[in-house]
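The numbers here are math on the coordinates, done by the rules we state, and not lab data. Since this is a predicted model, take the numbers as computed values, not measurements. Neighbour counts are summed over all protein chains in view; Cβ atoms, including those assigned to glycine, are modelled from backbone coordinates with ideal geometry.
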Amino acid sequence: MLKFCFVVLVLVSSSSAFASSAVDLVYSDLKFEVPGEFSVIGDAGGNQNILIFRYSDQRGKRFLAFSDMTNDETIDYGCPSYVFFSKVFDLSDNSSCNDDNIEIMRDTFVEGRDVEAWSINDYEVVYSGSGKKSYAFIIGNYGKLLKIDSDFLGIEAFRSILADL
Amino acid sequence: MDYGEREHISAAINYFWGDGTSSPHSVNEAAAEVVYEAITEAQSCSASMDIVPRPSGGKPGISYIVKQVASIGKSIVAGNTSIYQVCKVKISASYRSEITMALQGI
């Protein structure tokens, strides 16, 4: 009986420790620290290799998603996708990009939103947030473009997730 | 949702988020709701939504949403994509996670 109780105690302690800690994630060769309380992980794949963590029991709610947009061709960027988003956030000035689509993207990710940019190692990170949804674009100098989005995490959580790229 | 509506909703999803994102088989009501929400949230897109008479008051029901999104897909299949081009740019990156979750039941 004593042995049984000990086993139960260890399991509960381990479970509690896991729930309150961050979990290391290696995604597209970069390291992230995601909140550990997720209830579902979904490897949705597709051409953006989407990986989704859900932090609720309700489908589609309280999520954190990772997408690799490096080779995305969904729209006409007119230039490599990482250059395009650098220009959206005024980090570069490349005349070969589709300027009409740049303006539309600015309307989506810049106008009326909290936008902050910072550097980590060889990457520029741009956060674009509102009360409803937050995004972070991770832009590498050598062509990489990752997007992280969430419907419940804000900038401080994003900074923690991206603290150790 | 009948098969014709599934086909047209799938066409709308594949137009906005790229070929291969969905198939008629993978389409569900949650995916139709995401398309509807994405287009109505992107305000400059919403003018293109009034194809089916909108029910009065409150949030529209799922049957209205399915008909609306299917109607957009039917228009896209017919080659009338120019009026949705701005919508596509607006929602292609901002709602990809949501449409993916809806289609895969995540």
Restricting to Cα pairs below 8 Å that are 6+ residues apart, what does the relative contact order work out to for chain A? Please round to a whole percent. 19
Quick numbers on chain A, Rg and Dmax over C-alpha atoms in Å, give 18.7, 74
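Please give the calculated 222 nm ellipticity per residue for chain B, where each DSSP H segment of at least 4 residues contributes -39500 (n - 2.57) and the sum is spread over every residue; nearest 500 deg cm²/dmol?
When only DSSP H runs of four or more count, the value is -18500 deg cm²/dmol.
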Starting from the Cα of residue A:61, draw a straight line to each of the lysines and keep only those under 17 Å, dropping any in the same chain fewer than 8 residues away. A:132, A:133
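Hey, got a sec? Which GluC sites (Glu not before Pro) in the range A:39-130 land in a DSSP loop and have at most 13 other Cβ atoms within 10 Å?
Those satisfying the criteria are A:73, A:111.
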In whole angstrom, how far apart do the alpha carbon centroids of the range A:94-151 and the range A:73-92 sit? 9
Taking chain A and counting helices only, DSSP H stretches of n ≥ 4 at -39,500 (n - 2.57) each over all residues, the nearest-500 ellipticity at 222 nm comes to -8000 deg cm²/dmol
What are the radius of gyration and Dmax of chain B, computed over its Cα atoms and given in Å? 12.3, 36
